[in-house]
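Below is one structure; the comments refer to it alone.
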Amino acid sequence: MPAGGAAPGVALPAFHELAAPKAWRTIDFISDLHLSPALPRTLQAWAAYLRETPADAVFMLGDLFEVWVGDDARSLPFEHHCVDLIAEAASRRSVAFMAGNRDFLLGAAMLQDCGLMGLPDPTVLDAWGQRVLLTHGDALCLADTDYQAFRREVRSDAWQREFLAKPLAERLQIAAEIRRQSQSRQRFDGMRDADVDTGTAVAWMHAMGTAEMVHGHTHRPGSQLLAPGFKRHVLSDWDLDDAERPRAEVLRLSRDGFERLAPGLR
């Protein structure tokens, strides 16, 4: 139940709530891997992490893929390989997925094939008496009004029906063109310097009785007080193919709180 009202003028989304099984000891959070054939080292590190993590659950909070043009893409060689990796991991632990701005078209067929638990955005996780708000983060970047308008458009049923009705080859071509054109890509991702709106984030947390929030999207890993009693934990993006600044990080939650780990650490 909500712990209090939102700030005046702040519209609240629908919140999903998830209770972690009491037997779970640790939950891992990752996001923004942007998996693609162009990032083989990142793919290798992610595959090794899924095999080796001791966590009882892995929550992937959006932008797992560089692009996802519809669940029929899972038949393509790279995507099919990723399906196999996720399905194998999901056979041994709980694996959950929340859509990001790059893979919001990942749907029920993909979830079923992989054994993934779908997480609506936002979701409140209740684990060991701790309540944590989970979101990809892009919906909170309110100062980027152009992106928010674009986000509303592409998340509509009408837009998605029209796009998914196109042949797979055409959808892949459209996605490739977006990646080539910096202006289109910025519209798709939002401004690089955009951050979550502090007042709205705190209003979400206050309304749902959560003192902590986990999100990705901004590629600015770290933990920060948004207001007294309200803390956020920002997930790292993964790019181990970047020779100058390789990066990958797991945020792990246990009864003792949060800790940040390199993906190879247990």
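Only the coordinates and a few stated rules stand behind these numbers; no lab work does. Here the structure is a predicted model, which means the values were calculated and not measured. Virtual Cβ from ideal backbone geometry, glycine too; neighbours counted across all protein chains shown.
Can you give the extra length, in nm with one decimal, that the chain gains between SER223 and GLU170 once fully stretched, where that is 0.36 nm per residue apart less the Cα-Cα distance? Present the calculation step by step, with values, prior to reporting the outcome.
On the way: separation 53, 0.36 × 53 = 19.08 nm, distance 4.08 nm.
Net length gain for the segment: 15.0 nm.
For the chain, what is the percent of antiparallel DSSP beta bridges, rounded to the nearest 5? If you can, show how the numbers build up before the last one.
Details: 20 of 43 bridges.
Once the DSSP bridges in the chain are tallied, antiparallel ones form about 45 percent.
Which values of log₁₀ I(q)/I(0), to two decimal places, follow from the Debye formula for segment 195-250 at q = 0.28 Å⁻¹ with a uniform point scatterer at every Cα?
Ignoring solvent entirely, the Cα scatterers give -1.10.
Stokes-Einstein at 10 °C, 1.306 mPa s, Kirkwood radius from Cα pairs: D for the chain in µm² s⁻¹?
D, rounded to a whole number, is 84 µm²/s.
Looking at the square roots a ≥ b ≥ c of the eigenvalues of the Cα gyration tensor of segment 1-144, which shape do they give, rounded for a/c under 1.5, prolate if a/b is larger than b/c, or oblate?
oblate
Is there a quick way to get the dipole size of segment 16-261? I mean about its Cα centre, with the Cβ of Lys and Arg at +1 and of Asp and Glu at -1; what is the value in debye to the nearest 20?
Charge dipole of segment 16-261: 340 debye, to the nearest 20.
Starting from segment 216-266, pick out the GluC sites (Glu not before Pro) whose DSSP state is loop and whose Cβ has at most 14 other Cβ atoms within 10 Å.
Values: sites: GLU244, GLU249, GLU259; in loops: GLU244, GLU249.
Hits after loop and neighbour filter: GLU244.
Rounded, prolate or oblate: which fits segment 71-220 when a ≥ b ≥ c are the square roots of the eigenvalues of the alpha-carbon gyration tensor, with rounded for a/c under 1.5 and prolate only if a/b beats b/c?
oblate
With unit charges on the beta carbons (Lys and Arg positive, Asp and Glu negative) and the dipole taken about the Cα centre of the chain, which residue among ALA45, ALA165, GLY190 sits farthest to the positive side?
ALA45
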